[in-house]
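The values are calculated or read from the model by the stated rules, or taken from the named source; none is laboratory data. For clarity, every value in this text was computed on a predicted model and none was experimentally measured. We place every Cβ from the backbone using ideal geometry, glycine too, and count neighbours over all the protein chains shown. For accessibility, only protein heavy atoms count, side chains too; no ligands or nucleic acids. Shrake-Rupley method; radii C 1.70, N 1.55, O 1.52, S 1.80 Å.
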Amino acid sequence: MPSVLGVLERRERVALARAEELRAELERLQAAVAEADEAARRAVIAREETVEALAEAAEEAVVVGASMDLPAADAAGPRVEVPLWREGVGIEVLPPECARIVALVHEDAAGGGDGVRARAMREHLGWSASDAREQAARFRAKRLVERGWLTEGRPGLFRPRTA
């Protein structure tokens, strides 16, 4: 018959070995979590930098008077030509998406709203929820501002043109 102390010592060695295996597995998992956290952090920074760069490029285009067609992943479509606003011309001369944006801004103003942001435009157009689609709506609205169809009172807040 084995001694009680021998059985307990063997159990102790097995438990210590298992604990060591689990510590090694824990260290491996912690390293994997740290790598995943770092990858997520880099992706957030890249996305924020891209959105910021696109916004700066759009602002520069407005300042210079040029319209830009910036490629974006999941963009809302090809570049649209927006005619200059002139007296007696209705929104029917605009591309469909631009006409819907102008109509939304006019509806907001008629309802006493303060203006429409790109997110609301994206939602109104039925586009998927993404930064690229929101930027595309913002670019369309800024092009409408350049062409005299809308105004931008505060940055990013679009209102109907004033007479």
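Things worth noting here:
Listed here are the residues, each with its yes/no results for (1) within 23 Å of residue 44 (Cα to Cα); (2) in contact with a helix residue (DSSP H, G or I) (Cβ under 9 Å, 6 or more places away or on another chain); (3) without any contact (Cβ under 8 Å) to a residue 40 or more places away in the chain.
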site: 104; (1), (2), (3): no, yes, yes
site: 111; (1), (2), (3): no, no, yes
site: 116; (1), (2), (3): no, yes, no
site: 126; (1), (2), (3): no, no, yes
site: 129; (1), (2), (3): yes, yes, yes
site: 133; (1), (2), (3): yes, yes, no
site: 141; (1), (2), (3): no, yes, no
site: 146; (1), (2), (3): no, yes, no
site: 159; (1), (2), (3): no, yes, no
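- So residue 54, is it surrounded by 10 or more Cβ atoms within 10 Å (Cβ to Cβ), in a helix (DSSP H, G or I) and touching a helix residue (DSSP H, G or I) at 6+ places or on another chain (Cβ under 6 Å): yes
- Pairs meeting the criteria (first residue in region 34-47 and touching a residue at least 40 places away in the same chain (Cβ under 8 Å) and assigned to a helix (DSSP H, G or I), second residue of a type in the set (Phe, Trp, Tyr) and open to solvent by less than 60 Å² (accessible area, probe 1.4 Å), beta carbons under 8 Å, at least 6 apart or on different chains) are lacking.
- Selected residue (only one of 108, 114 is in a loop (DSSP other than H, G, I, E, B), of a type outside the set (Lys, Arg) and more than 21 Å from residue 48 (Cα to Cα)): 114
- Tally of residues being in contact with a Phe, Trp or Tyr (Cβ under 9 Å, 6 or more places away or on another chain) and aliphatic (A, V, I, L, M) across region 120-145: 6
- Each residue in region 139-150 was checked for being open to solvent by 30 Å² or more (accessible area, probe 1.4 Å) and either in a loop (DSSP other than H, G, I, E, B) or farther than 14 Å from residue 98 by Cα (or both), and 1 pass.
- Scanning region 125-138 for residues that are surrounded by fewer than 22 Cβ atoms within 10 Å (Cβ to Cβ), of a type in the set (A, V, I, L, M) and at pLDDT 90 or above returns a single hit, 125.
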